[in-house]
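Chemist: Here you go, one structure.
The values are calculated or read from the model by the stated rules, or taken from the named source; none is laboratory data. It should be emphasised that the depicted structure is a prediction, and the values quoted were computed from it without experimental measurement. Neighbour counts are summed over all protein chains in view; Cβ atoms, including those assigned to glycine, are modelled from backbone coordinates with ideal geometry.
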Amino acid sequence: MGRSPSKLCLLSPFPSSYTLDVICDNLLEPRTLLTNESIEYANRSVLCWLATVGANGVPNVSPKEAFAFYGREYLVIANNASPTSVRNIASNANVCACYIDVFVQKGFKVFGKAEYITKTDPRYPHFVEPLCAITGDAFPILGIIAVRVESIEPIVEPSYYMVPGTTEASQTAAALCTYGVVAKGSAT
């Protein structure tokens, strides 16, 4: 039997958009929204998509190949060819980034305030480290978009709660077929 939306929320680490104050109310530990699961999904995702809005109110969504979490407070994104994203952040720091495992069809949306970190910023060497581990020498990193995470919510393909019997295995099998991908170790 498939999961209903209410059961899905109970199984999800973040049933709705939680803010730092809601999650960490009355806690003495440092505030964090990022769970091991949300970080794991980021590590399994090929791209993240960054949504920004310019001073003229026009939205922009741009794919970002090099992204990682810096600690549990920041999502850092390499700027290698993102003039519109950088320009939009200068006038409106509110952003949303999302990433999904395209096979399992689950992931997360990350909301926060972004700032552009240049190479002359003393924080640059720290923020760039996890990005260099991804890019190596493939392309130059011109600067870093650092998103301080304010809220996070899961992305779940509706089939999980609308189609009885939907599992991660069934979603993966369907995606492999749709994309024409042969799993490692499978006969060709």
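Chemist: Residue by residue through region 38-73, note down the ones that are touching a Pro at 6+ places or on another chain (Cβ under 7 Å) and either among the hydrophobic types (A, V, I, L, M, F, W, C) or exposed (fewer than 14 other Cβ atoms within 10 Å of the Cβ) (or both).
Modeler: Within region 38-73, L47, W49, A51, V53, A68 qualify.
Chemist: Does N79 satisfy being touching a strand residue (DSSP E or B) at 6+ places or on another chain (Cβ under 9 Å) and over 16 Å from C48 (Cα atoms)?
Modeler: Considered against the rule, which asks whether it is touching a strand residue (DSSP E or B) at 6+ places or on another chain (Cβ under 9 Å) and over 16 Å from C48 (Cα atoms), N79 comes out as no.
Chemist: Now, a different point. Could you say which residue among E157, E153 is within 16 Å of K109 (Cα to Cα) and out of contact with any Phe, Trp or Tyr (no Cβ under 6 Å at 6 or more places or on another chain)?
Modeler: E157
Chemist: Look through I100, I77 and report the one residue that is within 15 Å of I155 (Cβ to Cβ) and touching a Lys or Arg at 6+ places or on another chain (Cβ under 7 Å).
Modeler: I100
Chemist: Go through region 114-166 and count every residue that is of a type in the set (K, R) and over 24 Å from N94 (Cβ atoms).
Modeler: Of the residues in that region, 1 qualify.
Chemist: So, in region 110-148, how many residues would count as being in contact with an Asp or Glu (Cβ under 6 Å, 6 or more places away or on another chain) and either closer than 14 Å to K64 by Cα or of a type in the set (A, V, I, L, M) (or both)?
Modeler: So the answer is 1.
Chemist: With respect to N26, determine if the residue is polar (S, T, N, Q), at pLDDT below 90, part of a loop (DSSP other than H, G, I, E, B) and over 14 Å from F108 (Cβ atoms).
Modeler: Here the answer is yes, as N26 does meet what is asked.
Chemist: What do you reckon, is T120 more than 24 Å from L33 (Cβ to Cβ) and either out of contact with any strand residue (DSSP E or B) (no Cβ under 7 Å at 6 or more places or on another chain) or of a type in the set (D, E, K, R) (or both)?
Modeler: So T120 passes the test.
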